[in-house]
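The values are calculated or read from the model by the stated rules, or taken from the named source; none is laboratory data. All values reported here derive from a predicted model rather than from experimental measurement. All Cβ positions, even for glycine, are placed from backbone atoms using ideal geometry, and neighbour counts span all protein chains on display. For accessibility, only protein heavy atoms count, side chains too; no ligands or nucleic acids. Shrake-Rupley method; radii C 1.70, N 1.55, O 1.52, S 1.80 Å.
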Protein chains: 2
Amino acid sequence: MSAALEDPMTTPFLQCLIGRIRAEDQYGAWDRKSDTDLLKDYLMTKAERRLIPIIGDPDPETLDRVEKFHQAVGLTVERLTGIIATPMMKMSHEGFGRVVLIAGKLVVYAKTLRDVHRFGFEDLAALAAEGMKATSQAVAEIEAHPELARA
Amino acid sequence: MSAALEDPMTTPFLQCLIGRIRAEDQYGAWDRKSDTDLLKDYLMTKAERRLIPIIGDPDPETLDRVEKFHQAVGLTVERLTGIIATPMMKMSHEGFGRVVLIAGKLVVYAKTLRDVHRFGFEDLAALAAEGMKATSQAVAEIEAHPELARA
């Protein structure tokens, strides 16, 4: 079966992201919410994106979503390698910034953030693919320098 | 001459810190301020520290000073090695947090931050010593893994 036909909900990344989101539901308010419902905030169709100004400041909810996305990458990395990767994010102005994932003394993933106020994915498959791509890059770095990642 | 007798103002770290502070003075408002005057905000005597509550949230000015301190460490590292080290800081609550300095794919310095609302040094010698200590650690990491620091 090709990757495109796989159910994105079964990818380790989306499972970790759902777990990360549910971890904040201390009072069980989302118990009846389905996993796909919880991920709706991560989705943005092209039509929706067109309605958002090109330049803008991201609101705290959007920043929180971007952070959780990268925390979920870190958790997926841990699931696959046993080594946890912690995100650090630095935002400057108008949705520009940088995010890194750190394992021990190693930067396992680094990305320049742009247009964070328009952060969102076309569908669950795109969200899962992006998370798994970041995970693969981080795992490859850990495999290249395991002693530093464990430092 | 022992290190203790050296003038702290001639250390590369304090020179970089002063440069970093003056870089924000776009309109020359601080032209007549002496270098030692500019560093006064970094100093806190034991008596002053005693007046600050043990638990508290750091104000934006204090966070900015902590960030500039680590930017100056990064600049000092660059002056000594030719490789720039960029700080990333993550604050949680009540002045707890973490700061790292990153060069390429290498974490050259990492520190847990505590009681950031009480950030300050007894005198210029203590400030210079702390900055040079962090710089030395970062330089040692770069020398141990130069290929990653340049990645």
Counting only residues in segment B:97-116 that are more than 10 Å from chain A (Cβ to nearest Cβ) and of a type in the set (A, V, I, L, M, F, W, C), the one nearest to B:Met44 (Cα to Cα) is identified as B:Val116
If the Cβ limit is 7 Å and pairs must be 6+ apart or interchain, which residue in segment A:55-76 that is under 13 Å from A:Leu101 (Cβ atoms) pairs with which residue that is surrounded by 13 or more Cβ atoms within 10 Å (Cβ to Cβ) and among the polar types (S, T, N, Q)?
A:Val73/A:Thr135; A:Gly74/A:Thr86; A:Thr76/A:Thr135
Of the residues in segment A:102-129, those that are free of Cβ contacts under 8 Å to residues at least 24 places away in the same chain, of a type outside the set (S, T, N, Q) and either outside any loop (DSSP other than H, G, I, E, B) or open to solvent by less than 50 Å² (accessible area, probe 1.4 Å) (or both) come to A:Ile102, A:Ala110, A:Lys111, A:Ala126
If B:Gln15 meets every condition in (1) polar (S, T, N, Q); (2) away from chain A (no Cβ under 14 Å); (3) under 30 Å from A:Glu67 (Cβ atoms) apart from one, which number is that one?
(3)
Going residue by residue through segment A:137-145, is there one that turns out to be within 14 Å of another protein chain (Cβ to nearest Cβ), exposed (fewer than 14 other Cβ atoms within 10 Å of the Cβ) and acidic (Asp, Glu)?
yes
In this structure, does B:Lys90 turn out to be closer than 29 Å to B:Glu6 by Cβ and of a type in the set (D, E, K, R)?
no
What single numbered condition from (1) of a type in the set (A, V, I, L, M); (2) within 14 Å of another protein chain (Cβ to nearest Cβ); (3) open to solvent by 50 Å² or more (accessible area, probe 1.4 Å) fails to hold for B:Ile55?
(2)
Of the listed residues (A:Glu48, A:Glu61, A:Glu67, A:Glu94), the one being open to solvent by 10 Å² or more (accessible area, probe 1.4 Å), assigned to a loop (DSSP other than H, G, I, E, B) and over 28 Å from B:Arg150 (Cβ atoms) is A:Glu94
Considering only segment B:73-86, I want to know if a residue exists there that is part of a strand (DSSP E or B), of a type outside the set (S, T, N, Q) and either in contact with a helix residue (DSSP H, G or I) (Cβ under 8 Å, 6 or more places away or on another chain) or open to solvent by 40 Å² or more (accessible area, probe 1.4 Å) (or both).
no
Applying the selection to segment B:16-45, what residues are open to solvent by 80 Å² or more (accessible area, probe 1.4 Å) and in contact (Cβ under 8 Å) with a residue 12 or more places away in the chain?
B:Asp41
What is the residue count in segment A:131-151 for residues that are in contact (Cβ under 8 Å) with a residue 12 or more places away in the chain and within 12 Å of the chain's Cα centre (by Cα)?
4
